[in-house]
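The values are calculated or read from the model by the stated rules, or taken from the named source; none is laboratory data. Note that this is a predicted model, so its numbers are computed, not measured. Here Cβ is always computed from backbone atoms with ideal geometry, including for glycine, and neighbour counts include all displayed protein chains.
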Amino acid sequence: MRVFHLSAECYPVAKVGGLADVVGALPKYQNLLGLQAAVVMPYYDRKFVHENEFETVFQANELLGSQRFYFEILKEKTDKLGFELYLVKIPGLLDRENVYSYPDETEQFIAFQIAFLDWISWSQQTPDLIHCHDHHSGLVPFLLYHSRLYERLAKTPTVFTIHNGQYHGAFGWNKLSLLPEIDLTKTGLLDWNGGINPLAAAVKCCWRYTTVSPTYLEELTYNSNGLEYLFYTERAKGSGIINGIDTEIWNPKTDPMIPENYSVRQLASGKQKNKEALCARFELAPDKPLISFIGRLVLEKGADLLAEAIKNSIMAHPGEINFFILGAGEVKIQEELLALKELYPTECNVFVGYDESLAHLVYAGSDFLLMPSHVEPCGLNQLYALRYGTVPMVRTTGGLKDTVIDFGDGEGYGIRFIHTSVSDIIHAVGRAATLYANPPLLQLLRKRMMALDFSWDRSAKEYIDLYESLKPAI
Ligand code: ADP
(Lines give C-alpha, C1' and ligand atoms only; values in the text may rest on other atoms or scores of the structure.)
Protein backbone atom coordinates (compact mmCIF):
# COMPACT_ATOMS: atom_id res chain seq x y z
CA MET A 1 0.00 0.00 0.00
CA ARG A 2 1.44 3.37 -1.04
CA VAL A 3 0.66 6.15 1.43
CA PHE A 4 1.50 9.85 1.20
CA HIS A 5 1.86 11.76 4.45
CA LEU A 6 1.17 15.45 3.91
CA SER A 7 2.57 17.78 6.54
CA ALA A 8 3.93 21.30 7.11
CA GLU A 9 6.79 19.93 9.24
CA CYS A 10 9.05 16.89 9.25
CA TYR A 11 12.17 16.27 11.34
CA PRO A 12 15.03 16.81 10.46
CA VAL A 13 13.99 18.90 7.45
CA ALA A 14 12.02 21.55 9.36
CA LYS A 15 10.80 21.34 12.94
CA VAL A 16 8.73 23.67 15.08
CA GLY A 17 7.23 21.11 17.45
CA GLY A 18 5.98 17.57 17.90
CA LEU A 19 4.33 17.39 14.47
CA ALA A 20 7.81 17.28 12.93
CA ASP A 21 8.95 14.47 15.21
CA VAL A 22 5.89 12.36 14.36
CA VAL A 23 6.05 12.87 10.59
CA GLY A 24 9.81 12.26 10.63
CA ALA A 25 9.38 8.91 12.37
CA LEU A 26 5.99 7.33 11.66
CA PRO A 27 6.61 6.68 7.91
CA LYS A 28 10.00 5.16 8.66
CA TYR A 29 8.46 2.67 11.09
CA GLN A 30 5.56 2.00 8.72
CA ASN A 31 8.02 1.13 5.97
CA LEU A 32 9.75 -1.34 8.26
CA LEU A 33 6.35 -3.01 8.58
CA GLY A 34 6.03 -3.36 4.81
CA LEU A 35 4.14 -0.21 3.84
CA GLN A 36 5.31 2.19 1.13
CA ALA A 37 5.03 5.45 3.02
CA ALA A 38 6.35 8.77 1.70
CA VAL A 39 6.30 12.34 3.04
CA VAL A 40 5.27 15.39 1.03
CA MET A 41 5.97 18.76 2.62
CA PRO A 42 6.68 22.36 1.66
CA TYR A 43 10.19 23.40 0.67
CA TYR A 44 11.88 25.67 3.23
CA ASP A 45 15.18 27.47 2.94
CA ARG A 46 16.83 25.29 5.61
CA LYS A 47 20.13 23.53 6.25
CA PHE A 48 18.74 20.10 5.37
CA VAL A 49 17.75 21.10 1.84
CA HIS A 50 21.14 22.67 1.18
CA GLU A 51 23.11 19.73 2.54
CA ASN A 52 21.27 17.01 0.63
CA GLU A 53 20.75 16.22 -3.02
CA PHE A 54 17.37 16.54 -4.67
CA GLU A 55 16.06 15.89 -8.15
CA THR A 56 13.09 17.58 -9.80
CA VAL A 57 10.43 14.95 -10.51
CA PHE A 58 7.59 17.20 -11.62
CA GLN A 59 6.99 20.81 -12.57
CA ALA A 60 3.90 22.70 -13.66
CA ASN A 61 1.91 25.90 -13.43
CA GLU A 62 -1.31 26.29 -11.47
CA LEU A 63 -3.73 29.01 -10.49
CA LEU A 64 -4.10 30.53 -7.03
CA GLY A 65 -7.09 32.80 -7.54
CA SER A 66 -6.20 34.91 -10.54
CA GLN A 67 -2.43 34.49 -10.03
CA ARG A 68 -0.60 31.78 -11.91
CA PHE A 69 2.22 30.15 -9.94
CA TYR A 70 4.99 27.82 -10.95
CA PHE A 71 5.92 24.87 -8.76
CA GLU A 72 8.36 21.99 -8.67
CA ILE A 73 8.28 18.70 -6.80
CA LEU A 74 11.75 17.78 -5.57
CA LYS A 75 12.67 14.32 -4.35
CA GLU A 76 15.52 13.63 -1.95
CA LYS A 77 17.74 11.27 -3.93
CA THR A 78 18.81 8.66 -1.37
CA ASP A 79 15.73 8.05 0.84
CA LYS A 80 18.15 8.43 3.76
CA LEU A 81 15.36 9.23 6.22
CA GLY A 82 13.85 5.78 5.74
CA PHE A 83 11.13 7.06 3.41
CA GLU A 84 10.78 8.97 0.15
CA LEU A 85 10.78 12.69 0.85
CA TYR A 86 9.15 15.10 -1.60
CA LEU A 87 9.29 18.89 -1.27
CA VAL A 88 6.88 21.28 -2.95
CA LYS A 89 8.81 24.36 -4.05
CA ILE A 90 6.93 27.50 -5.06
CA PRO A 91 9.09 30.59 -5.62
CA GLY A 92 7.98 33.41 -3.30
CA LEU A 93 5.65 31.21 -1.23
CA LEU A 94 7.41 27.97 -0.44
CA ASP A 95 11.11 28.71 -0.56
CA ARG A 96 11.41 30.87 2.57
CA GLU A 97 13.05 30.04 5.89
CA ASN A 98 10.21 29.89 8.38
CA VAL A 99 7.47 27.31 8.53
CA TYR A 100 4.74 29.60 9.93
CA SER A 101 3.86 33.21 10.68
CA TYR A 102 4.01 34.80 7.25
CA PRO A 103 1.12 37.19 6.50
CA ASP A 104 0.23 35.11 3.43
CA GLU A 105 0.11 31.81 5.35
CA THR A 106 -3.35 31.04 3.95
CA GLU A 107 -2.12 31.41 0.37
CA GLN A 108 1.05 29.45 1.23
CA PHE A 109 -0.77 26.33 2.41
CA ILE A 110 -3.56 26.49 -0.20
CA ALA A 111 -0.90 26.64 -2.92
CA PHE A 112 0.91 23.70 -1.27
CA GLN A 113 -2.25 21.59 -1.40
CA ILE A 114 -3.11 22.60 -4.98
CA ALA A 115 0.41 21.72 -6.14
CA PHE A 116 0.26 18.35 -4.39
CA LEU A 117 -3.11 17.45 -5.92
CA ASP A 118 -2.01 18.61 -9.34
CA TRP A 119 1.13 16.49 -9.14
CA ILE A 120 -0.64 13.29 -8.12
CA SER A 121 -3.39 13.84 -10.70
CA TRP A 122 -1.01 14.27 -13.62
CA SER A 123 1.90 12.01 -12.71
CA GLN A 124 2.22 8.28 -12.19
CA GLN A 125 2.38 8.86 -8.43
CA THR A 126 -1.04 7.56 -7.48
CA PRO A 127 -1.26 6.87 -3.75
CA ASP A 128 -3.56 4.20 -2.32
CA LEU A 129 -4.27 6.46 0.64
CA ILE A 130 -3.50 10.04 1.65
CA HIS A 131 -2.73 10.80 5.29
CA CYS A 132 -3.07 14.51 6.09
CA HIS A 133 -1.66 16.07 9.26
CA ASP A 134 -3.22 19.18 10.87
CA HIS A 135 -5.02 22.03 9.14
CA HIS A 136 -2.20 22.87 6.71
CA SER A 137 -3.32 19.93 4.57
CA GLY A 138 -6.93 19.93 5.78
CA LEU A 139 -8.46 21.06 2.49
CA VAL A 140 -7.14 18.04 0.60
CA PRO A 141 -10.01 15.68 1.55
CA PHE A 142 -12.60 18.28 0.50
CA LEU A 143 -10.88 19.09 -2.81
CA LEU A 144 -10.29 15.45 -3.62
CA TYR A 145 -13.98 14.56 -3.31
CA HIS A 146 -15.63 17.81 -4.43
CA SER A 147 -13.62 19.20 -7.30
CA ARG A 148 -14.04 17.80 -10.77
CA LEU A 149 -10.33 18.51 -11.39
CA TYR A 150 -9.33 15.57 -9.21
CA GLU A 151 -12.10 13.17 -10.25
CA ARG A 152 -9.59 10.47 -11.15
CA LEU A 153 -8.55 10.28 -7.48
CA ALA A 154 -11.96 10.76 -5.90
CA LYS A 155 -12.05 7.21 -4.52
CA THR A 156 -8.76 7.60 -2.65
CA PRO A 157 -9.31 7.19 1.11
CA THR A 158 -8.05 10.00 3.34
CA VAL A 159 -7.03 9.81 6.98
CA PHE A 160 -6.64 13.05 8.90
CA THR A 161 -4.59 13.31 12.11
CA ILE A 162 -5.11 16.13 14.59
CA HIS A 163 -1.88 16.99 16.36
CA ASN A 164 -3.27 20.26 17.65
CA GLY A 165 -6.99 21.05 17.58
CA GLN A 166 -6.52 24.62 18.83
CA TYR A 167 -5.28 25.86 15.43
CA HIS A 168 -7.77 25.66 12.54
CA GLY A 169 -6.18 27.74 9.75
CA ALA A 170 -9.54 29.50 9.29
CA PHE A 171 -9.99 32.32 6.75
CA GLY A 172 -12.82 34.37 5.28
CA TRP A 173 -15.18 33.51 2.45
CA ASN A 174 -13.65 36.38 0.50
CA LYS A 175 -10.75 34.00 -0.17
CA LEU A 176 -12.92 31.23 -1.64
CA SER A 177 -11.63 32.14 -5.09
CA LEU A 178 -8.16 30.95 -4.04
CA LEU A 179 -9.46 27.38 -4.20
CA PRO A 180 -9.56 25.51 -7.50
CA GLU A 181 -12.91 24.88 -9.18
CA ILE A 182 -15.21 23.13 -6.67
CA ASP A 183 -18.77 21.86 -6.53
CA LEU A 184 -20.53 24.95 -5.19
CA THR A 185 -23.38 22.90 -3.73
CA LYS A 186 -20.85 21.49 -1.26
CA THR A 187 -19.46 24.72 0.24
CA GLY A 188 -21.22 23.95 3.53
CA LEU A 189 -18.52 21.35 4.10
CA LEU A 190 -15.91 24.11 4.20
CA ASP A 191 -17.86 26.23 6.63
CA TRP A 192 -17.62 26.61 10.36
CA ASN A 193 -18.94 29.62 12.20
CA GLY A 194 -19.18 31.80 9.13
CA GLY A 195 -15.73 31.18 7.67
CA ILE A 196 -13.73 28.59 5.74
CA ASN A 197 -12.24 26.30 8.35
CA PRO A 198 -9.70 23.77 6.98
CA LEU A 199 -9.60 21.73 10.20
CA ALA A 200 -13.40 21.41 10.28
CA ALA A 201 -13.53 20.64 6.55
CA ALA A 202 -10.98 17.87 7.03
CA VAL A 203 -12.91 16.28 9.89
CA LYS A 204 -16.13 16.40 7.84
CA CYS A 205 -14.67 15.07 4.59
CA CYS A 206 -11.93 12.59 5.56
CA TRP A 207 -12.77 8.91 5.75
CA ARG A 208 -11.38 8.63 9.28
CA TYR A 209 -9.72 11.05 11.64
CA THR A 210 -7.34 10.31 14.48
CA THR A 211 -6.03 12.21 17.46
CA VAL A 212 -2.58 11.65 18.93
CA SER A 213 -3.93 10.17 22.16
CA PRO A 214 -7.22 8.52 23.21
CA THR A 215 -7.91 11.07 25.97
CA TYR A 216 -7.50 13.95 23.52
CA LEU A 217 -10.18 12.43 21.29
CA GLU A 218 -12.68 12.92 24.11
CA GLU A 219 -11.30 16.30 25.17
CA LEU A 220 -11.89 17.77 21.72
CA THR A 221 -15.64 17.36 22.25
CA TYR A 222 -15.48 19.97 25.02
CA ASN A 223 -12.28 21.92 24.30
CA SER A 224 -11.36 22.57 20.68
CA ASN A 225 -11.53 26.32 20.20
CA GLY A 226 -15.09 26.36 18.86
CA LEU A 227 -15.24 22.98 17.10
CA GLU A 228 -16.65 21.08 20.09
CA TYR A 229 -20.00 20.32 18.49
CA LEU A 230 -18.34 19.11 15.30
CA PHE A 231 -16.15 16.68 17.24
CA TYR A 232 -19.17 15.56 19.19
CA THR A 233 -21.19 14.76 16.06
CA GLU A 234 -18.30 13.21 14.11
CA ARG A 235 -17.04 11.19 17.08
CA ALA A 236 -17.82 7.81 15.44
CA LYS A 237 -15.27 8.52 12.70
CA GLY A 238 -12.47 9.20 15.15
CA SER A 239 -9.93 7.14 17.01
CA GLY A 240 -7.04 7.96 19.33
CA ILE A 241 -3.57 6.56 18.60
CA ILE A 242 -0.81 7.52 20.98
CA ASN A 243 2.40 8.83 19.40
CA GLY A 244 5.58 6.85 19.62
CA ILE A 245 9.12 8.18 19.75
CA ASP A 246 12.01 7.58 17.40
CA THR A 247 14.14 5.36 19.61
CA GLU A 248 17.13 5.65 17.27
CA ILE A 249 17.33 9.41 17.73
CA TRP A 250 16.16 9.48 21.34
CA ASN A 251 18.48 6.94 22.89
CA PRO A 252 20.67 7.91 25.88
CA LYS A 253 23.01 5.03 25.02
CA THR A 254 23.97 6.40 21.62
CA ASP A 255 22.74 10.02 21.53
CA PRO A 256 25.59 12.08 19.97
CA MET A 257 24.11 15.30 21.34
CA ILE A 258 24.84 14.51 25.02
CA PRO A 259 28.32 14.48 26.61
CA GLU A 260 27.89 11.18 28.46
CA ASN A 261 26.02 8.21 27.01
CA TYR A 262 24.38 5.84 29.48
CA SER A 263 22.03 2.90 29.78
CA VAL A 264 20.15 1.56 32.80
CA ARG A 265 23.41 0.07 34.10
CA GLN A 266 25.28 3.35 34.43
CA LEU A 267 22.10 5.30 35.05
CA ALA A 268 23.08 7.22 38.18
CA SER A 269 26.61 8.13 37.10
CA GLY A 270 25.56 8.78 33.47
CA LYS A 271 22.80 11.15 34.44
CA GLN A 272 25.00 12.90 36.97
CA LYS A 273 27.70 13.61 34.36
CA ASN A 274 25.15 15.11 31.99
CA LYS A 275 23.71 17.11 34.87
CA GLU A 276 27.15 18.44 35.71
CA ALA A 277 27.65 19.55 32.09
CA LEU A 278 24.25 21.24 32.00
CA CYS A 279 24.75 22.90 35.39
CA ALA A 280 28.27 24.07 34.53
CA ARG A 281 26.95 25.74 31.37
CA PHE A 282 24.07 27.45 33.16
CA GLU A 283 25.68 28.13 36.53
CA LEU A 284 23.42 25.86 38.54
CA ALA A 285 24.30 23.47 41.38
CA PRO A 286 24.72 19.83 40.31
CA ASP A 287 24.03 18.52 43.84
CA LYS A 288 20.49 19.96 43.99
CA PRO A 289 17.39 18.55 42.35
CA LEU A 290 17.02 20.05 38.88
CA ILE A 291 13.51 20.62 37.52
CA SER A 292 13.38 21.66 33.85
CA PHE A 293 10.82 22.82 31.33
CA ILE A 294 11.21 22.53 27.56
CA GLY A 295 8.68 23.87 25.11
CA ARG A 296 6.83 26.67 23.45
CA LEU A 297 6.26 29.49 25.93
CA VAL A 298 2.54 29.75 25.33
CA LEU A 299 -0.65 29.42 27.37
CA GLU A 300 -1.37 25.92 25.98
CA LYS A 301 1.75 24.63 27.72
CA GLY A 302 0.93 26.35 31.02
CA ALA A 303 4.03 28.53 30.50
CA ASP A 304 2.07 31.54 31.77
CA LEU A 305 2.21 29.99 35.26
CA LEU A 306 5.90 29.12 35.30
CA ALA A 307 7.38 32.34 36.68
CA GLU A 308 4.91 32.61 39.55
CA ALA A 309 5.09 28.90 40.39
CA ILE A 310 8.90 28.80 40.32
CA LYS A 311 9.19 31.96 42.41
CA ASN A 312 6.87 30.55 45.06
CA SER A 313 8.62 27.18 45.00
CA ILE A 314 12.02 28.83 45.51
CA MET A 315 10.60 30.77 48.45
CA ALA A 316 9.12 27.58 49.91
CA HIS A 317 12.41 25.65 49.48
CA PRO A 318 15.13 28.32 49.64
CA GLY A 319 18.46 27.11 48.25
CA GLU A 320 17.17 23.56 47.85
CA ILE A 321 15.96 23.27 44.25
CA ASN A 322 17.19 24.45 40.83
CA PHE A 323 15.08 25.24 37.78
CA PHE A 324 15.96 25.46 34.11
CA ILE A 325 13.79 26.60 31.21
CA LEU A 326 14.40 26.12 27.51
CA GLY A 327 11.81 27.72 25.29
CA ALA A 328 10.62 30.53 23.12
CA GLY A 329 7.22 32.05 22.53
CA GLU A 330 5.17 34.89 23.92
CA VAL A 331 7.31 37.94 24.69
CA LYS A 332 5.56 38.63 28.01
CA ILE A 333 6.30 35.10 29.28
CA GLN A 334 9.90 35.28 28.09
CA GLU A 335 10.35 38.58 29.96
CA GLU A 336 8.81 37.21 33.16
CA LEU A 337 11.17 34.25 33.09
CA LEU A 338 14.23 36.34 32.33
CA ALA A 339 13.32 38.62 35.25
CA LEU A 340 13.09 35.55 37.48
CA LYS A 341 16.57 34.51 36.42
CA GLU A 342 17.85 37.97 37.47
CA LEU A 343 16.12 37.61 40.83
CA TYR A 344 17.35 34.09 41.61
CA PRO A 345 20.56 33.60 39.55
CA THR A 346 21.80 30.62 41.53
CA GLU A 347 18.50 28.77 41.52
CA CYS A 348 17.00 29.41 38.11
CA ASN A 349 18.31 29.82 34.59
CA VAL A 350 16.52 30.38 31.30
CA PHE A 351 17.55 29.88 27.69
CA VAL A 352 15.24 31.74 25.36
CA GLY A 353 15.39 30.22 21.89
CA TYR A 354 15.16 26.96 20.02
CA ASP A 355 18.11 24.58 20.40
CA GLU A 356 17.70 20.92 19.47
CA SER A 357 20.94 19.64 21.01
CA LEU A 358 20.45 21.62 24.21
CA ALA A 359 17.03 19.93 24.49
CA HIS A 360 18.76 16.53 24.41
CA LEU A 361 21.14 17.64 27.18
CA VAL A 362 18.24 18.91 29.27
CA TYR A 363 16.37 15.58 28.98
CA ALA A 364 19.54 13.73 29.96
CA GLY A 365 20.80 16.10 32.66
CA SER A 366 17.62 17.00 34.54
CA ASP A 367 16.07 15.08 37.40
CA PHE A 368 12.52 16.18 36.65
CA LEU A 369 10.68 17.57 33.62
CA LEU A 370 7.74 19.85 34.37
CA MET A 371 4.74 19.94 31.98
CA PRO A 372 1.87 21.95 33.49
CA SER A 373 -0.03 22.00 30.15
CA HIS A 374 -3.55 23.39 29.82
CA VAL A 375 -3.82 21.33 26.62
CA GLU A 376 -1.56 18.47 25.54
CA PRO A 377 -2.79 16.42 22.54
CA CYS A 378 -0.07 13.80 23.13
CA GLY A 379 3.10 15.45 24.34
CA LEU A 380 6.43 14.01 23.33
CA ASN A 381 8.58 15.68 25.97
CA GLN A 382 7.36 13.35 28.72
CA LEU A 383 8.16 10.34 26.50
CA TYR A 384 11.70 11.60 25.87
CA ALA A 385 12.06 12.31 29.61
CA LEU A 386 11.02 8.73 30.43
CA ARG A 387 13.53 7.34 27.97
CA TYR A 388 16.29 9.40 29.61
CA GLY A 389 15.31 8.43 33.17
CA THR A 390 13.94 11.88 34.01
CA VAL A 391 10.81 11.96 36.15
CA PRO A 392 7.93 13.68 34.30
CA MET A 393 5.81 16.07 36.40
CA VAL A 394 2.63 16.47 34.40
CA ARG A 395 -0.84 17.85 34.60
CA THR A 396 -3.39 15.09 34.11
CA THR A 397 -4.61 15.96 30.61
CA GLY A 398 -4.60 14.56 27.05
CA GLY A 399 -1.66 12.34 26.21
CA LEU A 400 0.00 13.12 29.54
CA LYS A 401 -2.85 11.29 31.24
CA ASP A 402 -2.44 8.34 28.87
CA THR A 403 1.33 7.96 29.29
CA VAL A 404 2.30 8.97 32.83
CA ILE A 405 1.26 7.03 35.93
CA ASP A 406 1.84 8.69 39.29
CA PHE A 407 4.54 6.98 41.35
CA GLY A 408 2.04 6.72 44.19
CA ASP A 409 -0.09 4.36 42.07
CA GLY A 410 1.03 0.75 41.75
CA GLU A 411 3.75 0.49 39.13
CA GLY A 412 3.83 4.25 38.55
CA TYR A 413 6.88 6.39 37.83
CA GLY A 414 5.87 10.05 37.41
CA ILE A 415 4.29 12.92 39.32
CA ARG A 416 0.80 13.95 38.29
CA PHE A 417 -1.32 16.90 39.35
CA ILE A 418 -4.87 17.81 38.48
CA HIS A 419 -5.09 21.55 37.91
CA THR A 420 -3.08 23.91 35.75
CA SER A 421 -2.54 26.18 38.71
CA VAL A 422 0.36 27.70 40.61
CA SER A 423 -0.62 25.85 43.78
CA ASP A 424 -0.72 22.44 42.07
CA ILE A 425 2.71 23.07 40.55
CA ILE A 426 4.12 24.10 43.94
CA HIS A 427 2.70 20.96 45.49
CA ALA A 428 4.24 18.82 42.73
CA VAL A 429 7.61 20.55 43.25
CA GLY A 430 7.38 19.65 46.95
CA ARG A 431 6.80 16.00 46.02
CA ALA A 432 9.75 16.12 43.63
CA ALA A 433 12.02 17.47 46.40
CA THR A 434 10.92 14.69 48.76
CA LEU A 435 11.47 12.07 46.07
CA TYR A 436 14.95 13.43 45.31
CA ALA A 437 15.83 13.07 48.98
CA ASN A 438 15.13 9.33 48.67
CA PRO A 439 17.80 8.08 46.19
CA PRO A 440 16.84 4.36 46.31
CA LEU A 441 13.23 5.18 45.37
CA LEU A 442 14.33 7.64 42.69
CA GLN A 443 16.66 5.02 41.25
CA LEU A 444 13.88 2.43 41.22
CA LEU A 445 11.53 4.79 39.40
CA ARG A 446 14.20 5.73 36.87
CA LYS A 447 14.81 2.07 36.09
CA ARG A 448 11.11 1.50 35.78
CA MET A 449 10.59 4.36 33.34
CA MET A 450 13.59 3.47 31.20
CA ALA A 451 12.18 -0.02 30.74
CA LEU A 452 8.95 1.36 29.24
CA ASP A 453 8.38 0.92 25.54
CA PHE A 454 7.01 3.97 23.75
CA SER A 455 8.67 3.12 20.43
CA TRP A 456 6.73 3.60 17.21
CA ASP A 457 6.36 -0.14 16.53
CA ARG A 458 2.97 -0.47 18.19
CA SER A 459 1.49 2.85 17.05
CA ALA A 460 2.75 2.48 13.47
CA LYS A 461 0.96 -0.87 13.35
CA GLU A 462 -2.24 0.73 14.68
CA TYR A 463 -2.20 3.25 11.82
CA ILE A 464 -1.62 0.46 9.32
CA ASP A 465 -4.57 -1.48 10.78
CA LEU A 466 -6.68 1.63 10.33
CA TYR A 467 -5.58 1.97 6.68
CA GLU A 468 -6.30 -1.72 6.10
CA SER A 469 -9.79 -1.33 7.53
CA LEU A 470 -10.51 1.20 4.78
CA LYS A 471 -9.27 -1.12 2.05
CA PRO A 472 -12.40 -3.14 1.27
CA ALA A 473 -14.10 0.12 0.44
CA ILE A 474 -11.40 1.14 -2.06
P1 ADP B 1 4.22 20.79 20.62
O2 ADP B 1 2.84 21.11 21.08
O3 ADP B 1 5.12 22.00 20.74
O4 ADP B 1 4.30 20.14 19.31
P5 ADP B 1 5.29 18.31 21.71
O6 ADP B 1 5.52 17.86 23.12
O7 ADP B 1 4.42 17.43 20.88
O8 ADP B 1 4.77 19.80 21.75
O9 ADP B 1 6.71 18.40 20.98
C10 ADP B 1 7.66 19.34 21.31
C11 ADP B 1 8.96 19.01 20.59
O12 ADP B 1 9.68 20.22 20.36
C13 ADP B 1 9.88 18.12 21.40
O14 ADP B 1 10.72 17.40 20.52
C15 ADP B 1 10.71 19.16 22.18
O16 ADP B 1 11.94 18.65 22.63
C17 ADP B 1 10.89 20.21 21.12
N18 ADP B 1 11.09 21.59 21.60
C19 ADP B 1 10.15 22.46 22.03
N20 ADP B 1 10.69 23.64 22.33
C21 ADP B 1 12.02 23.52 22.11
C22 ADP B 1 13.14 24.41 22.22
N23 ADP B 1 12.98 25.66 22.65
N24 ADP B 1 14.36 23.96 21.87
C25 ADP B 1 14.51 22.67 21.45
N26 ADP B 1 13.51 21.78 21.33
C27 ADP B 1 12.28 22.20 21.64
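Yes/no matrix, rows are residues, columns are (1) in contact (Cβ under 8 Å) with a residue 40 or more places away in the chain; (2) more than 16 Å from the ligand (Cβ to nearest atom):
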| position | (1), (2) |
| --- | --- |
| L358 | no, no |
| L370 | yes, no |
| S373 | yes, no |
| C378 | yes, no |
| Q382 | no, no |
| V391 | yes, yes |
| I405 | no, yes |
| D409 | no, yes |
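When you look at A460, is it closer than 20 Å to V362 by Cα, buried (at least 20 other Cβ atoms within 10 Å of the Cβ) and among the aliphatic types (A, V, I, L, M), yes or no? Step through it out loud before you land on a result.
Numbers: closer than 20 Å to V362 by Cα: no; buried (at least 20 other Cβ atoms within 10 Å of the Cβ): yes; among the aliphatic types (A, V, I, L, M): yes.
No.
Of the residues making up region 389-399, at least one is modelled with pLDDT of 95 or more, crowded, with 24+ Cβ neighbours inside 10 Å, part of a loop (DSSP other than H, G, I, E, B) and in contact with a strand residue (DSSP E or B) (Cβ under 9 Å, 6 or more places away or on another chain). Can you find, within region 320-347, the residue that is farthest from K275 (Cα to Cα) among those that are in contact (Cβ under 8 Å) with a residue 40 or more places away in the chain and away from the ligand (no atom under 16 Å from the Cβ)? The selected residue is P345. Screening region 141-155 for residues that are in a loop (DSSP other than H, G, I, E, B) and not charged (D, E, K, R) and picking the one that is modelled with the highest pLDDT gives S147. Condition check: closer than 14 Å to I426 by Cα and among the small types (G, A, S). Does G353 satisfy that? In short, no.
Considering each of E376, E411 in turn, give the residue that is farther than 30 Å from P127 by Cα, among the acidic types (D, E), touching a Leu at 6+ places or on another chain (Cβ under 6 Å) and not assigned by TED's automatic domain parsing to the domain that holds S224.
On the way: E411 fails: touching a Leu at 6+ places or on another chain (Cβ under 6 Å).
Unique residue meeting the criteria: E376.
Quick test of your reading of the structure: A437 fulfils all but one of (1) of a type in the set (A, V, I, L, M, F, W, C); (2) modelled with pLDDT of 95 or more; (3) surrounded by 13 or more Cβ atoms within 10 Å (Cβ to Cβ). Name the failing condition by number. That leaves (3) as the condition not met. Output the residues belonging to region 77-112 that are part of a loop (DSSP other than H, G, I, E, B) and either of a type in the set (A, V, I, L, M, F, W, C) or closer than 25 Å to R2 by Cβ (or both). Correct list: K77, T78, D79, K80, L81, G82, F83, L93, V99. Scan region 1-17 and report the pairs whose first residue is farther than 19 Å from A115 by Cα and whose second residue is within 9 Å of the ligand (Cβ to nearest atom) and among the aromatic types (F, W, Y), with Cβ atoms within less than 9 Å and a gap of 6+ or a chain change. Close Cβ pairs satisfying both conditions: K15/Y354; V16/Y354. If you go through region 280-294 and keep only what is more than 16 Å from Y388 (Cβ to Cβ) and under 29 Å from the mean Cα position of the chain (by Cα), you end up with R281, F282.
Exactly one residue out of R431, R446, R416 is assigned by TED's automatic domain parsing to the domain that holds R296, charged (D, E, K, R) and out of contact with any helix residue (DSSP H, G or I) (no Cβ under 9 Å at 6 or more places or on another chain), and it is R431.
Taken residue by residue, region 296-319 has at least one member that is over 24 Å from E260 (Cβ atoms), away from the ligand (no atom under 16 Å from the Cβ), within 25 Å of the chain's Cα centre (by Cα) and in contact (Cβ under 8 Å) with a residue 40 or more places away in the chain.
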